[in-house]
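Worksheet: one structure, shown below.
Bear in mind that the values in this text are calculations on the coordinates, not laboratory data. Here the structure is a predicted model, which is why all the values come from computation and not from measurement. With ideal geometry, Cβ positions are generated from the backbone for all residues, glycine too; neighbour counts draw on all protein chains shown.
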Amino acid sequence: MTKNDIANVFERIGTLLDLKGENPFKVRAYQSAARLLETMSEEEFGAHATAADWGAVKGVGDALASKIEQLLATGKLEFFEKLRASVPAGLVEMLEIPGLGPKKVRALNERLGITDIDGLRKACQDGRIESLEGFGAKTQEKILAGIDRREAYAKRHLWWDAALVAERIAAGLRNQPGVKRAEPAGSLRRGLETVGDLDFIVAAANPEPVMDWFSTLPEVAEVTGRGGTKCSVRFDSGLQADLRIVPEEGFAFALHHFTGSKQHNILMRQRALERGWSLSEWGLSPAASDSSGAPVPRVDSEADLFAALGLAPIPPELREGMDELEAAQRGPLPRLVELADLRGAFHNHTTESDGSASLAEMAEEAGRLGWEYLGIADHSKASFQAHGLDAARLARQVSAIRSWNARSGRHVHLFAGTECDILPDGSLDFDDEVLATLDYVVASVHSGFTQDEDTMTRRIVRALENPWVTMLGHATGRLLLRREPYAVNLVRVVDAAIANGVIIELNADPHRLDLDWRHWHRAAERGLLCSINPDAHSTAGLSHVRTGVRAARKGWLTPAHVLNTRPLAEVEAHFAARRARAGKAAARL
DNA sequence: GCCGTTTTCGGCCCGACTGTTTTCAGTCG
């Protein structure tokens, strides 16, 4: 049972309790605990082996602590097993249909005996839903449509894909007459790796024309809701988008509220209540229960709102409802890394392996991005599917890179590297003598994904112990929305990386974002150095660092934590020091 | 189920919109 397995059990318990009509606050306790575990690093989690260790953790009380202990010890939880057996499995799936929540699903089950989606579809077709009290013809119609488009509706979208759509629409909104401000909010603004739907907050005095423009965008397949201040649509892609229009003076509140996360908002509101104010998306007002008459402060920006609650400004990426409020109460938060801090990137491919741009094209694109340097790390020979280089081809590429750097008038310095396969036994695809001819080495797993956790962990740790290895590529091999990570003990991997002075990359391919942001805060505090690597296979791919920076910010990383924020001379010194150490280690053998 | 510079019991964040209802429950974020 891993941390995430336990989070998953709690999440499912919450859903099942909800379906049974349990106390909603109990439901929330399970769901918040699931969020808490998901965001907790493996190291922190590991420090809470027994129920007693959870005493100081807010959100996990005695009952949940003993359930965690039981799950860790036995891999099972009797409470969960019994609960699961008491609710038909198909009911959980029915919750995915828009407009169906726990109460309605329960009513369908109790009054019509429906236990799954197939039964629900038949009941709709027979007209049995519309005659049910509390339901009607429209609900029946919506359910049927929801079943048919369930997959598209339930799908999440990569941050990168969603951002491209959102930026285009936000720009369009800003061009509408009467619009003072327009910003995307939601999980997109928080920089989450995948996005369920888009939220747009607009400041305008007259909502109607803005909603008219929004609801008639060419990609809108369906307008799913429209009121006085809010309009919801679904695009052809299945992506849903909400537009909310507020008066200009309330913009900061609405932007903050709809940026979330839900848990962050709950904590902010509790904090407001402690000061005698009620906080909503519309503003601050005296709380009903407050008799102190504390004046409500003026708020024009999110920074003002945080200040009113005694907090330093919290960047959107950190608003996950974890410990950001405590940190912002203690003082200013660290200055997180920004796109403009990057001076180059490592782990990039060319046409020599599976990239689509030549060495020169990649270098020129790096120059256009304003970078000082670019690292080339094409695949090694074991990745034959990617046309990996053997030692001879690599040697030719190295000499091409050296002569590029020797020519005058070049603004971008190229580093010669490789993305060297970590073979199934943990050895590397190139001999040390070959690796010694390079500036740096990215070591990555590209095969044998099905190894068990211990084998995979020992394999990667062995690679990290090779002194020629500069950094570890995509630490878990996950492909968001496509492939689960391979089984690996990240605590041991991070420990080994720190112990051996190896960097772990934050692979900025929008499908990867690996190592996950949830691990970085703790790992960086313990001394792990990061490199934000685009893993570019084209000139356009270099710009993926943008999503990598988002993820790095979610992991509380500052420029000091990221190698490729350093000037060329410092990067050269870092690589040279690594090589010198490796050379000495080789001489001792 | 969690939590406590008012509380170990009694609270627990807040509002828009929809569809079904004649005043509101459920869903959603």
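Projecting the Cα atoms of A:Asn8, A:Thr259, A:Ala241 onto the charge dipole of chain A (Cβ charges, centred on the Cα centre) puts A:Thr259 farthest toward the positive pole.
For chain A, what's the relative contact order in percent, using C-alpha pairs closer than 8 Å and at least 6 residues apart? If you can, show how the numbers build up before the last one.
Details: 1060 pairs, mean separation 56.8, N = 589.
Result for chain A is 10 percent.
Tilt of helix A:62-74 relative to the longest C-alpha principal axis of chain A, in degrees (0 to 90, nearest 10)? It works out to around 50 degrees.
Quick one: if the Förster radius is 51 Å, what FRET efficiency do A:Ser403 and A:Gln270 give, using the C-beta to C-beta distance and rounding to 0.05? Kindly include the intermediate steps, with their values, before the conclusion.
On the way: r = 63 Å, r/R0 = 1.23.
According to the calculation, E is roughly 0.20.
For segment A:339-587, rounded, prolate or oblate, judged on the Cα gyration tensor with a ≥ b ≥ c (square roots of eigenvalues), a/c < 1.5 rounded, else prolate if a/b > b/c? Don't skip to the answer; put the middle values down first.
Numbers: a/c = 1.34, a/b = 1.17, b/c = 1.15.
Note, shape of segment A:339-587 comes out rounded.
Once you order the gyration tensor axes a ≥ b ≥ c over the Cα atoms, which shape class does segment A:189-236 get: rounded for a/c under 1.5, otherwise prolate or oblate by comparing a/b with b/c? Oblate. What is the list of residues in segment A:548-570 whose amide nitrogen lies under 15 Å from a point 7 angstrom out from the Cα of A:Ala577, following Cα to Cβ? Residues A:560-570 qualify, since their backbone N sits under 15 Å from the label point.
Report the calculated FRET efficiency for A:Lys26 and A:Gln385 (r = Cβ-Cβ distance, R0 = 51 Å), to the nearest 0.05. Don't jump to the answer; show the numbers that get you there.
Numbers: r = 50 Å, r/R0 = 0.99.
My answer for the efficiency is 0.50.
In segment A:466-558, Rg over Rh equals 0.95, where Rg is the alpha-carbon radius of gyration and Rh the Kirkwood radius from pairwise Cα distances. Centre-to-centre separation between the Cα atoms of segment A:570-589 and those of segment A:437-503: 20 Å.
Here the sum of -39500 (n - 2.57) over DSSP H runs of 4 or more residues, divided by the residues of chain A, equals -13000 deg cm²/dmol at 222 nm, to the nearest 500. Reducing segment A:10-69 and segment A:106-129 to their Cα centroids gives an inter-centroid distance of 33 Å.
Prolate is the label for segment A:53-161. Its Cα gyration tensor axes, ordered a ≥ b ≥ c, give a/c of at least 1.5 and a/b above b/c.
Calculate the spin-label point distance for A:Asn500 paired with A:Ala56, positioning each point 7 Å from the Cα along the beta-carbon direction, and give it in nanometres. Here the answer is 3.3 nm between the modelled labels. For the pair A:Lys584 and A:Glu281 in one chain, pulling the backbone fully straight at 0.36 nm per residue adds 102.9 nm over the alpha carbon distance.
If R0 is taken as 22 Å, the Cβ-Cβ distance between A:Ala47 and A:Leu95 corresponds to a FRET efficiency of 0.05. Computed from the Kirkwood radius of its Cα pairs, the Stokes-Einstein diffusion coefficient for segment A:157-246 at 25 °C and 0.890 mPa s stands at 191 µm²/s. Each of A:Gly178, A:Thr450, A:Asn564 was placed along the dipole of chain A (beta-carbon charges, centred on the mean Cα), and the one lying farthest toward the positive end is A:Gly178.
From the C-alpha coordinates alone, can you work out the Kirkwood hydrodynamic radius of chain A, in Å? Write down the numbers at each step before the final one.
Details: mean 1/r = 0.0376 Å⁻¹.
When all Cα pairs of chain A are included, the Kirkwood radius is 26.6 Å.
If you put +1 on each Lys and Arg Cβ and -1 on each Asp and Glu Cβ, how big is the dipole of chain A around its Cα centre, in Debye rounded to 20?
Values: 71 positive and 81 negative charges, 130 e Å.
Result for chain A is approximately 620 debye, rounded to the nearest 20.
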